[in-house]
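**Q** Just passing along the structure, written as structure tokens.
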Amino acid sequence: MKKLVLYSAMVLLVIGCRDKTKVGRDERNTAFDIALNFAEAAFFQRDYGKAYLLVSEDCNATFEEFSSGIEKIHPKGFPTSVRATEYEPIPGEEKISIFLYGKGDDEEFYYRFVMEGTKERNYKVFSLHRADGPYPPSELRERLKTILPVIRYKKR
């Protein structure tokens with residue numbers, strides 16, 4: 001009987017720990033939607049005011065710092081298409097990393113958006129990072145299992 005109780009307690013502990021690092025499909029899709037909306041506003045429309053509304057209050061960047069930061073990480077130009085590729089929960093925090101890949105005329109773009117919040121508390125962009133190549137793999141990172149929209153910039 002003691003072994004059964006101990007075994008049951010261990011199983012519940014393992015399940016409980018595992019569930020804290022998993023992100024549900026609805027929550028993941030909500031974070032992706034916000035990240036893609038941000039990318040559309042900041043990278044394609046260059047409407048920094050609209051994009052800034054999707055930034056977390058905890059970001060600590062003024063509008064001017066934010067605007068110039070977007071310009072600085074795009075010295076050669078902006079992407080013409082962007083798609084969300086992977087996500088990674090940040091254990092112990094109400095944050096999730098969203099990885100996006102973009103293409104431009106002669107350049108590839110690798111982004112990591114740290115999204116702060118929850119599905120119920122509206123995700124916001126906490127930080128934005130751009131790398132020269134793909135981000136290194138992680139045990140917690142997962143590829144998308146569903147097709148999400150690709151945003152394409154339409155030149156007028």
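**Q** Hey, can you tell me all the residues within the range 47-68 that are touching a residue at least 12 places away in the same chain (Cβ under 8 Å) and of a type outside the set (S, T, N, Q)?
**A** Within the range 47-68, Tyr48, Gly49, Ala51, Tyr52, Leu54, Val55, Glu57, Asp58, Cys59, Phe63, Phe66 meet the criteria.
**Q** Can you tell me how many residues in the range 61-96 are hydroxyl-bearing (Ser, Thr, Tyr), touching a strand residue (DSSP E or B) at 6+ places or on another chain (Cβ under 6 Å) and closer than 14 Å to Phe38 by Cα?
**A** Narrowing the range 61-96 to residues hydroxyl-bearing (Ser, Thr, Tyr): 62, 67-68, 80-81, 85, 87.
If we keep only those that are touching a strand residue (DSSP E or B) at 6+ places or on another chain (Cβ under 6 Å) too, we end up with 81, 85, 87.
Applying the additional criterion that residues be closer than 14 Å to Phe38 by Cα yields 81.
Looking only at that region, the number is 1.
**Q** Regarding Met10, is this residue at pLDDT below 95, more than 14 Å from the chain's Cα centre (by Cα) and surrounded by 10 or more Cβ atoms within 10 Å (Cβ to Cβ)?
**A** When the stated conditions are applied, Met10 passes them.
**Q** I'm trying to understand the selection: among the residues of the range 82-140, which are surrounded by fewer than 17 Cβ atoms within 10 Å (Cβ to Cβ), outside any loop (DSSP other than H, G, I, E, B) and of a type in the set (Gly, Ala, Ser)?
**A** The one that is surrounded by fewer than 17 Cβ atoms within 10 Å (Cβ to Cβ), outside any loop (DSSP other than H, G, I, E, B) and of a type in the set (Gly, Ala, Ser): Ala131.
**Q** Only one of these is in a helix (DSSP H, G or I) and at pLDDT 95 or above: Glu27, Glu64. Name it. Write out each step before concluding.
**A** Details: Glu27 fails: at pLDDT 95 or above.
After applying the criteria, what remains is Glu64.
The values are calculated or read from the model by the stated rules, or taken from the named source; none is laboratory data. Just so we're clear, the structure is a prediction, and the values are computed from it rather than from any experiment. For neighbour counting, all protein chains shown are included, and Cβ atoms are generated from backbone atoms with ideal geometry for every residue, glycine included.
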